[in-house]
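**Student:** Below: one structure in structure tokens.
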Amino acid sequence: MQELESLLRTPWIYWTLLSAYVLTILSIIGIILSENRNPVKSLAWVTVLLMFPVGGVILYIFFGRSIKNKRMISRRNRKRLRELVAPRADEEADLSQYSQEARQQIQLASTLTKLPFYTGNHVEIMDSKEKFDSLERDIRQAEKYINLQYYIFSDDTTGQRIKSALIERARAGVKIRVIYDHIGSIKVKNRFFNEMRAEGIEVYPFFRVAFPPFATRVNWRNHRKLVVIDGKTGYIGGMNIADRYVDGGKFSKWRDTHLRITGPAVGALQYSFAVDWRFMGRDLLEEGISKELPAKDIRFPEDTSMHIMRSGPTSEWSNISYMLLKAIGNAKKRIYIQTPYFLPTDGLLRMLQVAALSKVDVRIMIPRKSDSVILTHSSRSYVLECLRSGVKMYFYEAGMLHSKVVIVDDDFSSVGSANIDFRSFEHNFEANMFIYSRSVNAELTKRFNDDMKESRRVKEAEWRKRPIVNKAIESILRLLSPVL
């Protein structure tokens, strides 16, 4: 120990280490500046690095690095997947029935995703218990394959229930693949997944967090929640596989929204899963989708048209954020939003304020108390800015509101995994379905109105009177919004 201390006191050793450290800081700052990020975020990182060199470097390694434009799959494989899941040329959608605003949104989605606009689908909107009953039933009826992807796959009653159904079909010769997020399911013991692997089910964690690549992966999570069964039936929405989505967990109620889809758009879900599967180093999936159109349903008599919107830290553009900005900017009558966490980007917040100031009926519903104390306080820091512009804010009182729904006017809606927050828009791998259907819009609106009966509208005068301690906590935690 004394020899080491003596060595470090040697001038050339000291100056060599100091020079190396300074070069490291300057190199990181150079990388930040060269990426041409949002100036506010870039300045924040530079300030942190200069004022807190050691801690700043550690924070940057965990939360500051960018993998934008990293290719998830080769162009050749991407083209092959599109051929498998896209409609035939003679089935291209006729967009003449849509408004000019809707056609612009559809064109934007096609440009961002390079995927087709799927028509002729049937959609069922599901709450928690209904979704798991339906999912188990569809799994047990699978004949060829099941592709299942969730952020959380818990080892509890609900998880065991779905696992048992998967194992039963695997023994019947059905090909089954499972993707779970390693951080999202970090509390689940390996035994749970190994029991599925022992039955021939291919189970893999997305971005496994382990040393040495721990620091390069911990900030990027796969938050998608989707299932494809036999190329005929698909699921997408906000629910993971865990008991709390059924019994509420520590809340009296867990309010969520999920979609069951039949029709050509199942191909979009298959494409999304296949890209993630290949990204993890697995074989390219060659399974196609059913060309059969679903039977008509009296609740949704019209064919439902939709686009899938995938986004993530590797995307060239902020796909979901861009689509929401476009839809909100096109709104003429109303914008209804449900989200468990409300930490909007500056652009999205301004667009909502502009819409409200233009006398569009803007309503945002968040839980009075979410499953994260930090995110609850952070979300509340945006409430006053919304109220001042005429946005109507509602606190859901009946339990945990985890639904991720956006409704615009009478014919557009979005359901998926993305929250209205920085993490969903910039750091997480997300998937939303953007739906063009008056009947689906009407059903989602009805559910939103039902939820309003269990919510309390926030008044500006009342909100201004909340304790100063609360205001201080909210303002401080808001500074962490970009990484929460």
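The values are calculated or read from the model by the stated rules, or taken from the named source; none is laboratory data. Note that this is a predicted model, so its numbers are computed, not measured. Every residue, glycine among them, receives a Cβ derived from its backbone with ideal geometry; neighbour counts consider all protein chains shown. The accessibility values were calculated without ligands, DNA or RNA, using every heavy atom of the protein model including side chains. Shrake-Rupley method; radii C 1.70, N 1.55, O 1.52, S 1.80 Å.
**Student:** What's the total number of residues in segment 133-160 that are in contact with a Phe, Trp or Tyr (Cβ under 7 Å, 6 or more places away or on another chain) and closer than 14 Å to ASN240 by Cβ? Steps first, answer last, please.
**Tutor:** Just the residues of segment 133-160 that are in contact with a Phe, Trp or Tyr (Cβ under 7 Å, 6 or more places away or on another chain), to begin with: 135, 147, 149-150, 153, 155, 158-159.
Those still in the list that are closer than 14 Å to ASN240 by Cβ too: 135, 149-150, 153, 155, 158-159.
Total satisfying the criteria: 7.
**Student:** Here's a follow-up. Working only within segment 358-381, note down all residues that are assigned to a loop (DSSP other than H, G, I, E, B) and open to solvent by 10 Å² or more (accessible area, probe 1.4 Å). Working first, answer last.
**Tutor:** Restricting attention to segment 358-381, the residues satisfying the condition of being assigned to a loop (DSSP other than H, G, I, E, B) are 358-360, 368-372, 381.
Across segment 358-381, the qualifying residues are SER358, LYS359, VAL360, ARG368, LYS369, ASP371, SER372, SER381.
**Student:** Now, a different point. Can you find even one residue in segment 146-162 that is closer than 21 Å to GLY200 by Cα, under 25 Å from the mean Cα position of the chain (by Cα) and either of a type in the set (Phe, Trp, Tyr) or at pLDDT below 95 (or both)?
**Tutor:** yes
**Student:** Okay, next question. Just to verify a result, which residue in segment 260-282, among those that are open to solvent by 10 Å² or more (accessible area, probe 1.4 Å), outside any helix (DSSP H, G or I) and not basic (Lys, Arg), is farthest from ARG76 (Cα to Cα)?
**Tutor:** Taking segment 260-282 as the starting set, the residues that turn out to be open to solvent by 10 Å² or more (accessible area, probe 1.4 Å) are 260, 262, 264, 278-282.
If we keep only those that are outside any helix (DSSP H, G or I) as well, we get 260, 262, 264, 280-282.
If we keep only those that are not basic (Lys, Arg) as well, we get 262, 264, 280-281.
Numbers: THR262: 28, PRO264: 22, MET280: 17, GLY281: 15 Å.
Looking at the filtered set, the residue picked out is THR262.
**Student:** Something else: Considering only helices (runs of 4 or more DSSP H) fully contained in segment 387-484, which possess at least 1 residues that are in contact with a helix residue (DSSP H, G or I) (Cβ under 9 Å, 6 or more places away or on another chain)? Quick ask: steps written out before the conclusion?
**Tutor:** Values: elements: 438-452, 460-464, 468-478.
Per the criteria, 460-464, 468-478.
**Student:** Here's a follow-up. In segment 109-130, which residues are more than 14 Å from GLY237 (Cα to Cα) and aliphatic (A, V, I, L, M)?
**Tutor:** ALA109, LEU112, LEU115 - these are the residues of segment 109-130 that are more than 14 Å from GLY237 (Cα to Cα) and aliphatic (A, V, I, L, M).
**Student:** Still on this structure: Can you tell me which residue within segment 241-259, out of those that are at pLDDT 95 or above and among the hydroxyl-bearing types (Ser, Thr, Tyr), is surrounded by the fewest Cβ atoms within 10 Å (Cβ to Cβ)?
**Tutor:** THR257
**Student:** Restricting attention to segment 395-420, which residues are more than 26 Å from GLU124 (Cβ to Cβ) and open to solvent by 10 Å² or more (accessible area, probe 1.4 Å)? Steps first, answer last, please.
**Tutor:** If we filter segment 395-420 for residues that are more than 26 Å from GLU124 (Cβ to Cβ), which is where we start, we get 395, 397.
Within segment 395-420, just GLU397 meets the criteria.
**Student:** Could you tell me whether THR119 is open to solvent by 20 Å² or more (accessible area, probe 1.4 Å), among the polar types (S, T, N, Q) and not in a loop (DSSP other than H, G, I, E, B)?
**Tutor:** Values: open to solvent by 20 Å² or more (accessible area, probe 1.4 Å): yes; among the polar types (S, T, N, Q): yes; not in a loop (DSSP other than H, G, I, E, B): yes.
Judged against the criteria, THR119 is a match.
**Student:** Output the residues belonging to segment 122-133 that are touching a residue at least 24 places away in the same chain (Cβ under 8 Å) and in a helix (DSSP H, G or I). Please lay out each step first, then the result.
**Tutor:** Within segment 122-133, the first condition is being touching a residue at least 24 places away in the same chain (Cβ under 8 Å), and the residues that meet it are 122-129, 131-132.
SER128, LYS129, LYS131, PHE132, listed by residue number.
**Student:** Within segment 451-476, restricting attention to residues that are within 18 Å of TYR394 (Cβ to Cβ) and of a type in the set (A, V, I, L, M), which residue is least open to solvent (accessible area, probe 1.4 Å)?
**Tutor:** Step by step, filter segment 451-476, then rank; the result is VAL458.
**Student:** Criterion first (under 26 Å from GLY184 (Cβ atoms) and open to solvent by 20 Å² or more (accessible area, probe 1.4 Å)) does TYR322 satisfy it?
**Tutor:** Working: under 26 Å from GLY184 (Cβ atoms): yes; open to solvent by 20 Å² or more (accessible area, probe 1.4 Å): yes.
Answer is yes for this residue.
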